[in-house]
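Here's the structure we're looking at; comments come further down.
The values are calculated or read from the model by the stated rules, or taken from the named source; none is laboratory data. Since this is a predicted model, take the numbers as computed values, not measurements. Neighbour counts are summed over all protein chains in view; Cβ atoms, including those assigned to glycine, are modelled from backbone coordinates with ideal geometry.
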Amino acid sequence: MEFALDDDQEALVELARSILADHCGDDQLRAFAASGAPFDARLWQLLAEAGLIGVGIAEAKGGTGFGMVEAALLLECAGAALAPVPLRETLIGARTLIMAGAMAGDAHGDLIAQAASGKAILASACDEVGNAWQTPAMQARRDDAGGWQLDGERSAVAWGMEAQALLISAWIESEGGAGLFVVLADAAGLDRQAQAGTDPTPLALLTLANVRLPASALLDGGTGPADLLRWHVGQMRVGLAASQLGIAGEALRRTAAYTSERVQFGRPVGSMQAVQQRAADAYIDVEAMRSTLWRAAWLIDQGLCDDAEIAVAKYWAAIGGHRVTHTAQHQHGGMGADVTYPIHRYFLAAKAVETALGGTQPMLAELGSAIATGAARRLSAIGGGFDAL
């Protein structure tokens with residue numbers, strides 16, 4: 001594995017940071033929060049015009065190419081800036097649709113192109129109570145026309161109100177396993193209600209009552225619906241880990257600057273041994289998050305969905321993000337308790353990422369299960385769909 005960024009990756013990071021720096025300053029984020037808008041439409045448009053929403057999506061599908069590593073680099077930048085846009089879900093959702101394209105006759109080609117150009121927002125609805133994503137509560141059954149009928153409820157879906165299409169996991173009675181379905185926002189029988197979480201990301205409660213879908217709505221990369229769902233969840237977890245790396249890294253940078261300038265007892269707070277020790281521990285956490293993330297992302301680009309490596313990356317994103325942002329808030333003293341002060345945004349953002357698709361303990365359980373079976377599960381490329389990315 002090559003740890004140094006190549007010229008294209010350096011240019012990608014530089015472009016992303018430049019755009020985000022111009023639109024995600026503290027004052028701008030404060031003004032956006034007061035606006036009540038679900039996401040920054042102007043920033044979303046600029047990211048689309050720069051081709052950044054299409055990173056990790058093949059040029060033939062309307063994207064700008066590259067792979068999961070480059071997508072993770074972009075998501076790290078967006079996490080550091082706390083960019084109020086549905087980038088992670090749209091990007092990963094489009095990659096999942098491409099994987100299924102070889103089996104579905106490119107039935108979702110238009111949706112992929114619209115997502116890559118920023119004209120459509122995608123949402124992922126796979127989180128389950130108790131992290132039971134392999135046995136979702138949503139029910140899917142065949143209808144008389146050969147299509148599908150979905151019934152059930154899914155809560156706290158990020159960008160669920162704004163999305164033009166939702167990727168929803170469901171239990172398939174006839175198959176005795178889980179699968180991933182594409183449900184358009186205007187589907188009859190789909191009801192969406194706005195919800196609020198601990199961070200500013202807009203959420204939605206989805207209620208599906210006898211929602212009828214065509215046969216192509218079930219995504220299958222060639223080795224079965226359950227494997228395609230596993231790929232999607234794996235990529236989403238890597239995307240979350242990338243976002244958390246950006247959040248934690250920036251929170252630590254801000255804390256280092258603050259403690260270097262804040263003077264107590266006649267000297268900078270950062271010169272005190274206890275402060276230095278906690279900051280050093282936070283730095284170790286950030287670097288552990290970084291190395292495990294790049295390992296998991298790189299393996300995905302090699303065509304391997306390694307459950308154990310992804311669980312390790314998400315574990316460090318959960319526990320590392322928790323510890324780093326708690327340290328950041330604590331070392332800001334009284335300012336860290338002020339909900340209007342910028343560091344509090346990082347605490348809230350990290351907490352949302354920490355619990356999404358499995359927090360610390362669920363990830364340890366999955367990792368232990370992989371070790372107990374003797375080896376991490378590695379899946380080869382799905383039905384040629386991976387090559388299309």
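Here's the yes/no breakdown for (1) surrounded by 15 or more Cβ atoms within 10 Å (Cβ to Cβ); (2) at pLDDT 95 or above; (3) touching a helix residue (DSSP H, G or I) at 6+ places or on another chain (Cβ under 9 Å):
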{"site": "Gly147", "(1), (2), (3)": "no, no, yes"}
{"site": "Leu167", "(1), (2), (3)": "yes, yes, yes"}
{"site": "Val182", "(1), (2), (3)": "yes, yes, yes"}
{"site": "Ala196", "(1), (2), (3)": "no, no, no"}
{"site": "Leu205", "(1), (2), (3)": "yes, yes, no"}
It is to be established whether one or more residues within region 360-375 are touching a residue at least 60 places away in the same chain (Cβ under 8 Å), assigned to a helix (DSSP H, G or I), of a type in the set (Val, Ile, Thr) and surrounded by fewer than 20 Cβ atoms within 10 Å (Cβ to Cβ).
yes
Tell me, which residue of region 270-317 that is among the aromatic types (Phe, Trp, Tyr) and surrounded by fewer than 24 Cβ atoms within 10 Å (Cβ to Cβ) is nearest to Phe3 (Cα to Cα)?
Trp294
Please find, among Leu167, Leu190, Leu184, the residue that is outside the structural domain of His108 (by TED's automatic domain parsing), under 19 Å from Leu218 (Cα atoms) and in contact with a Gly (Cβ under 6 Å, 6 or more places away or on another chain).
Leu167
Filtering region 318-351 down to residues that are among the small types (Gly, Ala, Ser), under 23 Å from the mean Cα position of the chain (by Cα) and more than 15 Å from Val238 (Cα to Cα) yields Ala328, Ala349
With (1) farther than 30 Å from Asp338 by Cα; (2) in a loop (DSSP other than H, G, I, E, B) as the list, and Phe39 as the residue in question, which single condition is left unmet?
(1)
I'd like the residue in region 234-269 that is surrounded by fewer than 24 Cβ atoms within 10 Å (Cβ to Cβ) and either outside the structural domain of Ala356 (by TED's automatic domain parsing) or small (Gly, Ala, Ser) (or both) and, out of all such residues, is nearest to Leu293 (Cα to Cα).
Gly249
Give region 150-165 a look and list any residue that's in a strand (DSSP E or B) and either buried (at least 19 other Cβ atoms within 10 Å of the Cβ) or among the aliphatic types (A, V, I, L, M) (or both), or say none.
Leu150, Arg154, Ala156, Val157, Ala158, Ala165
Which members of region 318-354 meet the condition of being polar (S, T, N, Q) and surrounded by fewer than 19 Cβ atoms within 10 Å (Cβ to Cβ)?
Thr340
It is to be established whether one or more residues within region 101-113 are of a type outside the set (Asp, Glu), part of a loop (DSSP other than H, G, I, E, B) and crowded, with 17+ Cβ neighbours inside 10 Å.
yes
For the structure I just gave you, tell me whether Ala48 is of a type outside the set (Lys, Arg) and either outside any helix (DSSP H, G or I) or touching a residue at least 12 places away in the same chain (Cβ under 8 Å) (or both).
yes
Is it true that Ala16 is small (Gly, Ala, Ser), within 21 Å of Arg88 (Cα to Cα) and in contact with a helix residue (DSSP H, G or I) (Cβ under 7 Å, 6 or more places away or on another chain)?
yes
Looking at region 122-180, which of its residues are of a type in the set (Phe, Trp, Tyr) and in contact (Cβ under 8 Å) with a residue 60 or more places away in the chain?
Trp133, Trp148, Trp159
If you check Gly79 against the conditions, is it in a loop (DSSP other than H, G, I, E, B) and either surrounded by 17 or more Cβ atoms within 10 Å (Cβ to Cβ) or not assigned by TED's automatic domain parsing to the domain that holds Ala248 (or both)?
no
Kindly evaluate Gln134 against the criterion of being surrounded by fewer than 23 Cβ atoms within 10 Å (Cβ to Cβ) and over 28 Å from Trp294 (Cβ atoms).
no
Could you say which residue among Ala78, Ala50, Ala58 is at pLDDT 95 or above and under 20 Å from the mean Cα position of the chain (by Cα)?
Ala78
Please specify each residue of region 1-24 satisfying the condition of being closer than 17 Å to Trp44 by Cβ and not in a helix (DSSP H, G or I).
Cys24
I'd like to know if region 170-179 contains one or more residues that are at pLDDT 95 or above, among the aliphatic types (A, V, I, L, M), in a strand (DSSP E or B) and in contact with a Phe, Trp or Tyr (Cβ under 7 Å, 6 or more places away or on another chain).
yes
Evaluation of Asp40 against (1) of a type in the set (Asp, Glu); (2) in contact with a Phe, Trp or Tyr (Cβ under 9 Å, 6 or more places away or on another chain); (3) surrounded by fewer than 17 Cβ atoms within 10 Å (Cβ to Cβ) (one fails), failing number:
(3)
Within region 242-259, identify whether any single residue is touching a helix residue (DSSP H, G or I) at 6+ places or on another chain (Cβ under 9 Å), outside any helix (DSSP H, G or I), within 16 Å of Ile343 (Cβ to Cβ) and basic (Lys, Arg), and answer yes or no.
no
Just to be sure I understand, how many residues within region 195-241 are part of a loop (DSSP other than H, G, I, E, B) and β-branched (Val, Ile, Thr)?
3
